[in-house]
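A.B. asks: Quick one: the structure is below, and I'll ask about it shortly.
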Amino acid sequence: MIEARGLTKRYGAKTAVDDLSFTVRPGSVTGFLGPNGAGKSTTMRLLLGLDRPTSGEARVGGKRYREHRAPLREVGALLEARAVHPGRSARAHLLALARTEGIPARRVDEVIELVGLTGVARKRVGGFSLGMGQRLGIATALLGDPAVVMLDEPVNGLDPDGVLWIRTLLKGLAAEGRAVLVSSHLMSEMAQTADHLVVVGRGKLLADTSVTELTARTQDAAVTVRSPQAARLAVLLRGVGARSTTTGGADRLEVHGATAAQVGEVAGRHGVVLHELHARTSTLEEAYMALTRDSREYRTDDGARTDGDQPDGTAAEGAAR
C-alpha cells in the first residue's frame, strides 16, 4: 500500500505539492493524473525518498522508503527510463541491480522475457529506442517482484502492441494483489486500465475516486434524440427548462438540462414520435479537462489554459528545483 499524508514540498517560493493525501490500495491500478506542473513527478519522488517533504509523510508498505532493508523487493519504480549507463547491456544493468539485494540471476532472465527484450538483452542500452528503454525501465521496476509498483508515464514510446501489453501487465499485477500507481497523460488508456484515480492540480488534490464516479460527477450530461418532429420537441423541451441544438441533421437534437427519461416523458405526453433516444456518457478526457480547467500551467494565445509540451514538471517543478 502507498500512503501520502499531508505531503507538502516547497522549492523557495514555489509550492510543488500542497497538503496532498491519498492512498493506493493493493489489488487495484490507481491512475495518477494531472496537467504538466501539477506535482505528479515530485509526489512520486517524495514517495520514494528522493526528495524530502517540507511537511507531511509518505509511506510505502507501511514504512518510509529508506526504512526498507531490501527496497527493490518492496517497491518497484520507473521514474526515468533512460537513467541507465548507455555502455551497459540490458542484462548487465539488471544483473548489477540484482546483486545489490541478492536477487538470483534467473530473475533477471525472467523479467527480460516478461518485457520482451530477450532478443536484445546483451545489446548496449545506448542503442535502444525509446520504447525499448521503457521496457527496460519496467523490467527494472519488476526485478524484485515487489508488492508495490510505481510507474511514471510507462507507455511513452510504445507502439500500439506495446500499449496493449502494458495495459494487460498492469491489470495482471493488480490482480495478483499488488498496489499499482501509474501516471499518464493518455486519458483513453487510463479509462481502460485504471480502477481508481487520483487527480492533482497545482499540487493540490482535485479528486480521489473511480473512473465511473468521476465521469458521472463532472459530465455535462447530454441526450441525443432523433425525431421527425424535432422542431416541435425542441419547443416542448424549452418549456421544461431544457435546451437543445440541432446536430447531424434537422431531425436530430442534442439536449442539455434533461435526462433521457425526462425527454422521453415529454415526447410521450405530447405524442411526439421518437426514432432514437440515448444519453451520451462523458468520456474520462472530458471529465478530466473539466476538472483541471483552472489548474493548468500553460495557456494558448487565445488565453485558454492548456498542457505544456514538456514532460510532467519540467517547467514548473524543474524550475523550482
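A.B. asks: I'd like to know if the range 112-122 contains one or more residues that are farther than 26 Å from S183 by Cβ, among the charged types (D, E, K, R) and touching a residue at least 12 places away in the same chain (Cβ under 8 Å).
C.D. replies: yes
A.B. asks: Taking R59 as meeting all but one of (1) crowded, with 20+ Cβ neighbours inside 10 Å; (2) over 30 Å from L130 (Cα atoms), write down the number of the exception.
C.D. replies: For R59, the exception is condition (1).
A.B. asks: Considering only residues that are buried (at least 20 other Cβ atoms within 10 Å of the Cβ) and among the hydroxyl-bearing types (S, T, Y), look in the range 168-214 and name the one that is farthest from T281 (Cα to Cα).
C.D. replies: So the residue we want is S183.
A.B. asks: Turning to a different aspect of this structure: Within the range 20-56, which residues are under 18 Å from the mean Cα position of the chain (by Cα) and surrounded by fewer than 17 Cβ atoms within 10 Å (Cβ to Cβ)?
C.D. replies: Answer for the range 20-56, where residues must be under 18 Å from the mean Cα position of the chain (by Cα) and surrounded by fewer than 17 Cβ atoms within 10 Å (Cβ to Cβ): S21, T23, R25, P26, G27.
A.B. asks: While we're on this one: Would you kindly identify the helices (runs of 4 or more DSSP H) lying entirely within the range 219-321 that contain at least 1 residues that are modelled with pLDDT under 65?
C.D. replies: Per the criteria, 316-320.
A.B. asks: Assuming G257 fulfils every condition listed in (1) of a type outside the set (S, T, N, Q); (2) at negative phi; (3) surrounded by 15 or more Cβ atoms within 10 Å (Cβ to Cβ) apart from one, which condition is it?
C.D. replies: Failed condition: (2).
A.B. asks: Next question, about the same structure. Being in the same structural domain as A141 (by TED's automatic domain parsing), without any contact (Cβ under 8 Å) to a residue 24 or more places away in the chain and either of a type in the set (D, E) or surrounded by fewer than 19 Cβ atoms within 10 Å (Cβ to Cβ) (or both): is that true of E265 here?
C.D. replies: The answer is no for E265.
A.B. asks: Return the only residue of D18, D51 being farther than 23 Å from T209 by Cα and touching a Lys or Arg at 6+ places or on another chain (Cβ under 7 Å).
C.D. replies: D51
A.B. asks: Scanning the range 9-19 for residues that are surrounded by fewer than 24 Cβ atoms within 10 Å (Cβ to Cβ) and not small (G, A, S), which turns out nearest to G56 (Cα to Cα)?
C.D. replies: Ranking the qualifying residues of the range 9-19, first place goes to D19.
A.B. asks: Let me ask another. Just checking: which of the helices (runs of 4 or more DSSP H) contained wholly in the range 1-100 hold 2 or more residues that are more than 30 Å from R124 (Cα to Cα) and either in contact with a Cys (Cβ under 7 Å, 6 or more places away or on another chain) or in contact (Cβ under 8 Å) with a residue 40 or more places away in the chain (or both)? Don't jump to the end; show me each part of the working.
C.D. replies: On the way: elements: 40-47, 71-74, 90-100.
Hits in the range 1-100: 40-47.
A.B. asks: Determine which member of the set A141, A105, A96 is surrounded by 17 or more Cβ atoms within 10 Å (Cβ to Cβ) and either assigned by TED's automatic domain parsing to the domain that holds H85 or among the charged types (D, E, K, R) (or both). Lay out the reasoning, then the answer.
C.D. replies: Values: A105 fails: surrounded by 17 or more Cβ atoms within 10 Å (Cβ to Cβ); A96 fails: surrounded by 17 or more Cβ atoms within 10 Å (Cβ to Cβ).
A141 is the lone residue from the list that is surrounded by 17 or more Cβ atoms within 10 Å (Cβ to Cβ) and either assigned by TED's automatic domain parsing to the domain that holds H85 or among the charged types (D, E, K, R) (or both).
The values are calculated or read from the model by the stated rules, or taken from the named source; none is laboratory data. What you are looking at is a predicted structure, and each value in this text was computed from that prediction instead of being measured. Virtual Cβ from ideal backbone geometry, glycine too; neighbours counted across all protein chains shown.
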